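Asker: Would you mind keeping the following structure in view while I ask a few things?
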Amino acid sequence: MDFFGHPRGLSTLFFTELWERFSYYGMRALLVLYMTAAHTTANPGLDFGTGKATAVYGLYTFFVYVLSLPGGWIADNIWGQRRAVFVGGCVIAAGHFSMALPMFGLPETAFFYAGLALIVVGTGLLKPNVSTMVGDLYPEGGARRDAGFSVFYMGINLGAILGPTLCSVVGEGYNWHWGFSLAGFGMLFGLISYQLGSSNLGDAGLLEVKDEELLKKKKRNFYTTTGILAALLGIFTIMFNAGFFGITLQALAGYLGYAAVGITMLFFVYIIFFGGHNREEQKRLGVIFWLFILAALFWSGFEQAGSSLNLFAKELTDRVFGPYGFLQQVGPWVPTVLLGLPLAYINFRLFKRENLWWVGKAGVSTFTLLILGFTYYLSFNMMSEWTMPASMLQNINPTFIVLLAPVFGWFWTWLAKRNANPSIPVKFALGLFGLAAGFFVISWGAVNAAAGTVAPVWLIVTYFLHTAGELCLSPVGLSSMTKLAPKSRVGQMMGIWFVATALGNLFAGLVAGQLETQAPSSLFWTVAMIVGAGGIVALLAAPPIKRLMGDVE
């Protein structure tokens, strides 16, 4: 028996990543709202200003992606992917629970920052390596491997839907620290499923040791270097908090961003002109640099979902639903049963499949119960007046990904059969146009919100357009790095893609901080104009960039 036609090991990694993404996106949905919540509210937060809160958010998400680079190196050279994933999950869970500990009277700010640091380190260890292990399950490669990754990415998006949905109800609705605890328990569920299913992974993720003495030397150097860096970081943190450097957190984030941009540019100058590559490879490295710039611009807008758009949902969106007369008449059970009938039929058909492993059946049944339970919860609350948690709207983007990804996949295939499939540079331009269109919509919505609040449809349309842009740009991004990079630099160019995402997240936080002094409509309009202009430049530059790519499709 198998897991929907794939190796059983895929189920282990599927549920591990699902619960890790549950914890990540569940906590991320609460993060800015918790930091900006006043001390005096019924559910008190840290009372940070918008600028400081979004700078922390930007730094946090920046390091989540940057530390994927050393996390991959540690797995390849010291621990192996399997151990790196487990250790990373343990550190992530510790981070979430650290953020929850202040409800027992421990220092709020200190444990908040400690928790973020632990999550950053743990995610750096887990995220890149669990994907690598998925590839290891398919040594033959080919279409079956691609299909396996499609199933795996479905787990990512299911976790991204469940996390904000459940953590928002508990965290924003009752107590922020309960929400962080729920995120931590989600990661614990992932670790339990990972350990229980580890026997199905075969040799995937195990470190192949050829020289024991060399491995011991690498470990000594690694642990020594890590200890020194941790000590230096601790000293820097103490000095920064004491005001020794005389700069704000926002300024620190800005300096870090500029430094990262400068280092990346110098890196590209070096490898293009002094890296020992032939003319064709130099051209393709130049294309990678161009795509890096476009990707960073895209993520700097897209990743405002957790910051400026989250604040828009909280402050300017009408999230009150009910009471609805229909529900008052029929009660919450009727819509639950109506939805449950087709879901029960799907479960019945799946359970009749003799070649489907029981883990797959149990997973589908669990999600069915979650859907029905959430339907009952919504129906019950909407019998009277119910205010949706703002952070729950963070599940719109992953929901659209689940719905639209097959449509886009079919559309690109349909165009390819007619020799009309857009080139990689054109798809990047289309991604930027989708993002810009979304910010134009939310800017319009912010103008209407000047007289009060607006309907959630403004955010829904915005996220729809952003998701369309993401599906144009993101799937081809990483694959284009591997296609264009010289064989000796494939790993480095994959790292560059993570750096582009990290920079985008950092600048997304800094841009969102402008809400402290700038009206939302003005800020969103400015972002839309800049991203739209980037899309126009990308489209105009697409033909010469395509020529530089040579025969790469």
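The values are calculated or read from the model by the stated rules, or taken from the named source; none is laboratory data. Quantities reported herein were computed from a predicted structural model and do not represent experimental measurements. Reconstructed Cβ throughout: ideal geometry from the backbone, glycine too, with neighbour counts over all protein chains shown. Surface accessibility is based on the protein's heavy atoms, side chains included, excluding ligands, DNA and RNA. Shrake-Rupley method; radii C 1.70, N 1.55, O 1.52, S 1.80 Å.
Asker: Just need the relative contact order of the range 304-406 here, percent rounded to a whole number, with Cα pairs under 8 Å and 6+ apart.
Answerer: After rounding, I find 53 percent.
Asker: Right, another one. Work out which helices of the chain, taken as complete DSSP H runs, extend at least 27 Å along their axis over the Cα atoms and score a mean Kyte-Doolittle of 1.0 or more, then list them.
Answerer: 249-274, 396-417, 424-448, 457-484, 490-512, 520-549
Asker: If only Cα atoms are counted, what is the Rg of the range 1-135, and what is its Dmax, in Å?
Answerer: 16.9, 56
Asker: Label-point separation (nm) for residue 38 and residue 344, each offset 7 Å from Cα along Cα-to-Cβ?
Answerer: Taking the two extended label points, one gets 4.9 nm.
Asker: Taking 25 °C and 0.890 mPa s as the conditions, I'd like the Stokes-Einstein D for the range 106-171 in µm²/s, using the Kirkwood hydrodynamic radius from alpha carbon pairs.
Answerer: 168
Asker: Among 235, 201, 388, which residue has its Cα positioned farthest towards the positive end of the charge dipole of the chain, with +1 placed on the Cβ of Lys and Arg, -1 on the Cβ of Asp and Glu, and the dipole taken about the Cα centre?
Answerer: So the residue furthest toward the plus end is 201.
Asker: Once a ≥ b ≥ c are taken as the square roots of the eigenvalues of the Cα gyration tensor of the range 241-361, is the result rounded (a/c under 1.5), prolate (a/b larger than b/c) or oblate (a/b not larger than b/c)?
Answerer: Oblate, because a/c is 1.5 or more while a/b does not exceed b/c.
Asker: So with the 1.4 Å probe, I'd like the accessible area per residue for the range 428-553, rounded to whole Å².
Answerer: 40
Asker: By the gyration tensor of its Cα atoms, with a ≥ b ≥ c the square roots of the eigenvalues, what is the shape of the range 329-466: rounded for a/c under 1.5, prolate for a/b over b/c, or oblate?
Answerer: Verdict is oblate for the range 329-466.
Asker: Let me ask another. Sticking with the crude label model, points 7 Å out along Cα→Cβ, report the distance from residue 110 to residue 154 in nm, one decimal please.
Answerer: 4.7
Asker: Shifting gears a bit: May I ask you to order 267-273, 533-539, 13-19 by the average number of other C-beta atoms within 10 Å around their residues, highest value first?
Answerer: Packing order, densest peptide first, comes out as 13-19, 533-539, 267-273.
Asker: Quick one: how many Å² of residue 24 are accessible to a 1.4 Å probe, rounded to 10?
Answerer: 10
Asker: Could you work out how much longer the chain between residue 384 and residue 229 gets when fully extended? Use 0.36 nm per residue separation minus the Cα distance between them, nm to one decimal.
Answerer: Result: 50.3 nm gained on full extension.
Asker: When only Cα pairs under 8 Å and 6 or more residues apart are kept, what is the percent relative contact order across the range 1-92?
Answerer: Value for the range 1-92: 13 percent.
Asker: Magnitude of the Cβ-charge dipole of the chain, K/R +1 and D/E -1, about the Cα centre, nearest 20 debye?
Answerer: The calculation lands at about 1060 debye.
Asker: Let me ask something additional. Kirkwood hydrodynamic radius, computed over distinct alpha-carbon pairs, for the range 131-249: how many Å, to one decimal?
Answerer: Taking the inverse mean of 1/r over all distinct Cα pairs, the range 131-249 comes out at 19.2 Å.
Asker: Let me ask something else. Expressed in nm to one decimal, what extension gain is obtained for the pair residue 551 and residue 479 from 0.36 nm per residue of sequence separation less their Cα-Cα distance?
Answerer: Full extension of this stretch gives 24.4 nm more.
Asker: When the convex hull of the Cα atoms of the chain is projected onto a plane and the area is averaged over all directions, what value comes out in nm²?
Answerer: Convex hull of Cα atoms, orientation-averaged projection: 27.7 nm².
Asker: Here is a further query. Quantify, in whole percent, the carbon and sulfur part of the accessible surface of the range 405-532 (1.4 Å probe; protein heavy atoms only).
Answerer: Using a 1.4 Å probe with all protein chains present, the range 405-532 comes out at 69 percent carbon and sulfur.
Asker: From zero outward in steps of 5 Å, how is the percent of C-alpha pairs of the range 426-500 spread across the bins?
Answerer: 3, 16, 17, 15, 13, 10, 9, 7, 5, 3, 1, 0
Asker: Ok, one more. Could you report the range 106-193's accessible area per residue, 1.4 Å probe, as an integer in Å²?
Answerer: The answer is 37 Å² per residue.
Asker: Right, next: Compare the peptides 364-375, 454-465 by average per-residue count of other Cβ atoms within 10 angstrom and give them in order, highest first.
Answerer: So the order, starting with the most tightly packed, is 454-465, 364-375.
Asker: Which trypsin sites (Lys or Arg not before Pro) from the range 406-479 combine a DSSP loop assignment with at most 16 other Cβ atoms within 10 Å?
Answerer: Counting only loop positions with at most 16 other Cβ atoms within 10 Å, the trypsin sites (Lys or Arg not before Pro) in the range 406-479 are 418.
Asker: Give me the percent of the accessible area of the range 168-243 that comes from carbon and sulfur atoms, probe 1.4 Å, all protein chains in place.
Answerer: Roughly 65 percent, rounded to a whole number.
Asker: Shifting gears a bit: Kindly report, to the nearest 10 Å², the accessible surface of residue 548 as traced by a 1.4 Å probe over protein heavy atoms only.
Answerer: Counting only protein heavy atoms, residue 548 exposes about 60 Å² to solvent.
Asker: With unit charges on the beta carbon (Lys/Arg positive, Asp/Glu negative), name the residue among 92, 35, 51 whose Cα is farthest towards the positive pole of the charge dipole of the range 6-149.
Answerer: Of 92, 35, 51, it is 92.
Asker: How do 354, 140 rank by accessible surface area computed with a 1.4 Å probe, from largest to smallest?
Answerer: 354, 140
Asker: Now, a different point. Using only the Cα atoms of the range 331-394, build the gyration tensor, take square roots of its eigenvalues as a ≥ b ≥ c, and label the shape rounded, prolate or oblate: rounded if a/c is under 1.5, else prolate if a/b is larger than b/c, else oblate.
Answerer: In terms of gyration-tensor shape, oblate.
Asker: So how do 63-69, 38-44, 176-182 stack up, highest first, on mean other-Cβ count within 10 Å?
Answerer: Going by the mean number of other Cβ atoms within 10 Å, highest first, we get 176-182, 63-69, 38-44.
Asker: Here's a follow-up. With the contact rule set at Cα under 8 Å and sequence spacing of 6 or more, what percent relative contact order holds for the chain?
Answerer: This gives 24 percent for the chain.
Asker: Additional query: Using +1 at the C-beta of Lys and Arg and -1 at the C-beta of Asp and Glu, which of 9, 295, 358 has the Cα lying farthest in the positive direction of the dipole of the chain?
Answerer: Result: 9, furthest along the dipole toward the positive end.
Asker: On the full set of protein chains, 1.4 Å probe, figure out the accessible area of residue 90 and give it in Å² to the nearest 10.
Answerer: Rounded to the nearest 10, the figure is 60 Å².
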